[in-house]
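Below: the structure, in structure tokens.
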Amino acid sequence: GTVYLAEDTWIDKKVALKVPHKQGVDFGELLREPRLLASLNHPNIVRLVEVNRGVQNNPRKGSKTVNFIVLELIGGGELFDFVAIGGRLSEAQARYYFKQLLEGLGYMHAQGTAHRDLKPENLILDRNFTLKITDFGFAAPTAGRDNSGLLNTQLGTASYMAPEIHLGKPY
């Protein structure tokens, strides 16, 4: 989806507004990501604010009704950009972020969830340089759909996929 900066006038706070690209899918499928986020509460995972429907105005394309997900505004930028602009991380910085990533992932896995699209673009830094895992659109139960503990769907960003996914093997 596309993420916009928005202001929640009810709480008088800036938020991130995620509008999924696939608006034609049933509302239940749209709710998969927010339901998962609502069940996760960890300092290294983006926080869900709400799910709603509203009107999106586009000067060129006109107005349309869209479903959207409201998330906390993290605001510090992607880890990808942090490294691309600032160069490689020092060992101390890498350990700092890797520890936070492992803590967030450990929590998710303990809750029975696999992210399935981890990449530097989905690791956001807040204003205090705390890492937050975001974009749970491909998340799935760690048990798999058949409770085998394996997943089979080939998805994610090709350049970040594990070899077994490219080979079409369960992972």
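Values computed for the structure shown
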quantity: Relative contact order for the range 27-127, counting Cα pairs under 8 Å that sit 6 or more residues apart, in percent; calculated: 30 percent
quantity: The range 9-85-the range 133-160 distance, computed between alpha-carbon centres (Å); calculated: 20 Å
quantity: Chymotrypsin sites (Phe, Trp or Tyr not before Pro) restricted to DSSP loop in the range 48-93 with at most 12 other C-beta within 10 Å; calculated: none
quantity: Cα Rg, Dmax, the range 78-139, angstrom units; calculated: 11.9, 35
quantity: Residues in the range 37-54 that a label on residue 127 would reach, taking backbone N under 20 Å of a point 7 Å out along Cα→Cβ; calculated: 43-49
quantity: Residue of 50, 91, 78 that the Gaussian network model of the chain assigns the largest fluctuation, springs spanning Cα pairs under 10 Å; calculated: 91
quantity: Cα-based radius of gyration of the chain once divided by 2.2 N^0.38 Å, which approximates compact folds; calculated: 1.11
quantity: The range 102-171: relative contact order as a whole-number percent, Cα under 8 Å and 6+ apart; calculated: 27 percent
quantity: Residue 107 accessible area, assembled protein chains, probe 1.4 Å, Å²; calculated: 50 Å²
quantity: Point-charge dipole on Cβ atoms (K/R +1, D/E -1) for the chain, about Cα centre, debye to 20; calculated: 240 debye
quantity: Antiparallel DSSP beta bridges within the chain, percent to nearest 5; calculated: 95 percent
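The values are calculated or read from the model by the stated rules, or taken from the named source; none is laboratory data. Treat the numbers as computed from the prediction; the structure is a model and nothing was measured. As a convention, Cβ positions derive from the backbone with ideal geometry for all residues, glycine included, and neighbour counts pool all protein chains shown. Just so you know, the surface numbers come from the protein's heavy atoms only, side chains and all, with ligands and any DNA or RNA stripped out. Shrake-Rupley method; radii C 1.70, N 1.55, O 1.52, S 1.80 Å.
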